[in-house]
Amino acid sequence: MAAPDLALALTGASGVQYGIRLLECLVSAQVPVHLMLSRPAQVVLGLETDLSVPGRPAEIGRFFSERFHAEPGQIRCYGPEQWTAPVASGSAVPRAMVVCPCSTATLSAVATGASRSLIERAADVVLKERRKLLLVVRETPFSEVHLENMLRLARMGVVIMPANPAFYHRPRTLDDLIDFMVARILDHLEIPHDLMPRWGGPPASTAGED
């Protein structure tokens, strides 16, 4: 795997399906992934999916490696307080980090540099090392606090990407909506994909329509 490594964090917001699909696409693109799940994210996984994801980081890594047929060592999963993880230091910073979905609590922590968990510390490291950070914020409506935190981070160069799928590609399933957001994330990471048609490009197949 010659591709630069990426950090992917799932937090406790609704929309964990976005993060799981993104992980699948990163594995398919042969990207090494530093995976982090907050404890609330594990709760949301149980509420929003039928996946029986184990609780220990090493087991989580094996679970997704087997599910997505990852190469050995392609997915490395860390616990919330695993301060020895590479992503906790600027000497081993990944080229980019995505928090997907990103809760407003995590948004606030990143905006203030709280670094109370490995996810928050990893985001802080990516910021200080001037690498790319994408926050797929999932909340509605946004309060003034949320908007101020997003503006503060946007001014630092963070990509704020609320989970707002479009409909111009005529989605037929939930998977189509999920893939729209994942496609936009992959675009910002400069990772090729064919998840959806481009605006102005050839339309999606209409086979089976009335």
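The values are calculated or read from the model by the stated rules, or taken from the named source; none is laboratory data. Quick caveat, the model's predicted, so the values are computed rather than measured. Every residue, glycine as well, gets a Cβ built from its backbone with ideal geometry; the counts of neighbours run over all protein chains shown. For accessibility, only protein heavy atoms count, side chains too; no ligands or nucleic acids. Shrake-Rupley method; radii C 1.70, N 1.55, O 1.52, S 1.80 Å.
How many of the residues in the stretch 145-177 are among the charged types (D, E, K, R) and assigned to a loop (DSSP other than H, G, I, E, B)?
3
Could you grab me the full set of residues in the stretch 1-28 that are hydroxyl-bearing (S, T, Y) and outside any helix (DSSP H, G or I)?
Residues satisfying the conditions are T11, S14.
So for the stretch 178-185 (the condition being open to solvent by 70 Å² or more (accessible area, probe 1.4 Å) and under 30 Å from R39 (Cβ atoms)), does at least one residue qualify?
As a first pass, look at the stretch 178-185 and keep what is open to solvent by 70 Å² or more (accessible area, probe 1.4 Å): 184.
After this cut, where a residue has to be under 30 Å from R39 (Cβ atoms) as well, the list is 184.
Yes; the residues of the stretch 178-185 include at least one that is open to solvent by 70 Å² or more (accessible area, probe 1.4 Å) and under 30 Å from R39 (Cβ atoms).
Give all pairs with beta carbons closer than 9 Å in which a residue from the stretch 147-167 that is under 11 Å from V136 (Cα atoms) and open to solvent by 80 Å² or more (accessible area, probe 1.4 Å) meets a residue that is aliphatic (A, V, I, L, M) and modelled with pLDDT of 95 or more; count only pairs at least 6 apart in sequence or on separate chains.
Matching pairs, first to second residue: N164/M181.
Would it be correct to say that F64 is in contact with an Asp or Glu (Cβ under 7 Å, 6 or more places away or on another chain), under 13 Å from L8 (Cβ atoms) and surrounded by 13 or more Cβ atoms within 10 Å (Cβ to Cβ)?
Values: in contact with an Asp or Glu (Cβ under 7 Å, 6 or more places away or on another chain): no; under 13 Å from L8 (Cβ atoms): yes; surrounded by 13 or more Cβ atoms within 10 Å (Cβ to Cβ): yes.
Answer is no for this residue.
Which one of L195, L174 is loosely packed, with under 12 Cβ neighbours inside 10 Å and in contact (Cβ under 8 Å) with a residue 60 or more places away in the chain? Give the steps one after another, and end with the answer.
Numbers: L195 fails: loosely packed, with under 12 Cβ neighbours inside 10 Å.
Going through L195, L174 in turn, just one is loosely packed, with under 12 Cβ neighbours inside 10 Å and in contact (Cβ under 8 Å) with a residue 60 or more places away in the chain: L174.
Can you tell me how many residues in the stretch 111-136 are over 21 Å from L186 (Cβ atoms), touching a strand residue (DSSP E or B) at 6+ places or on another chain (Cβ under 7 Å) and either open to solvent by less than 10 Å² (accessible area, probe 1.4 Å) or hydroxyl-bearing (S, T, Y) (or both)?
Counting residues in the stretch 111-136 that are over 21 Å from L186 (Cβ atoms), touching a strand residue (DSSP E or B) at 6+ places or on another chain (Cβ under 7 Å) and either open to solvent by less than 10 Å² (accessible area, probe 1.4 Å) or hydroxyl-bearing (S, T, Y) (or both) gives 1.
Go through (1) touching a Gly at 6+ places or on another chain (Cβ under 8 Å); (2) of a type in the set (S, T, N, Q); (3) under 20 Å from C25 (Cβ atoms) and name the single condition S65 misses.
Every condition holds for S65 apart from (1).
If G55 meets every condition in (1) surrounded by fewer than 13 Cβ atoms within 10 Å (Cβ to Cβ); (2) at pLDDT below 95; (3) closer than 21 Å to V125 by Cβ apart from one, which number is that one?
Of (1) surrounded by fewer than 13 Cβ atoms within 10 Å (Cβ to Cβ); (2) at pLDDT below 95; (3) closer than 21 Å to V125 by Cβ, only one is false for G55: (3).
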